[in-house]
């Protein structure tokens, strides 16, 4: 017979229903319904992101790639070469040394990129916490199911032992009956009170 959620919580976790956390209650409910609790955390987290969050994740991913580093070095080298050699020859350099405009662009890039990367890291940390909580639910449900399986195996083994003992007792009683019958049968052949004619003729 299936146990209720409260009875199951007290049986497997040895706690009252009110003492359980939200995730433990979720595990107990899935254990009672015998339904799977695992789910795709990455897909759920990706589907729940807004447009700004998806954009910041893409920017953070691109900013931490070799493509961005090589492209950044190429732009930086072109900027310096253009203002130091090519345009400086005709005195038309728009950002001569010490490249104040370039420093301004780099400062703006760092100021914008830093909070975007931090937002992406915060979401990554939130996803890690969600995944850790999900792993806890799956592990707890697996542990409880394994414990329940061990209990059932112990009960089955105990029932088998009891059935075997009962079968042995029946065999022992049957052997005792057979032995008692064998003891009674020879005494009937040699008792003169039972078969006097056979006893006299034997003499």
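The values are calculated or read from the model by the stated rules, or taken from the named source; none is laboratory data. Just so we're clear, the structure is a prediction, and the values are computed from it rather than from any experiment. Cβ: placed from backbone, ideal geometry, glycine included. Neighbour counts: every protein chain shown.
Quick check on the range 40-57: of everything there that is over 30 Å from the mean Cα position of the chain (by Cα) and free of Cβ contacts under 8 Å to residues at least 40 places away in the same chain, which residue is farthest from residue 117 (Cα to Cα)? Please lay out each step first, then the result.
Keep residues of the range 40-57 that are over 30 Å from the mean Cα position of the chain (by Cα), which gives 51-52, 55-56.
Narrowing the set further to residues that are free of Cβ contacts under 8 Å to residues at least 40 places away in the same chain leaves 51-52, 55.
Values: 51: 16, 52: 13, 55: 11 Å.
Filtering first and then ranking leaves 51.
Which residue is modelled with the lowest pLDDT, if the candidates are limited to the range 83-120 and must be out of contact with any helix residue (DSSP H, G or I) (no Cβ under 9 Å at 6 or more places or on another chain) and surrounded by 15 or more Cβ atoms within 10 Å (Cβ to Cβ)?
The residue in question is 87.
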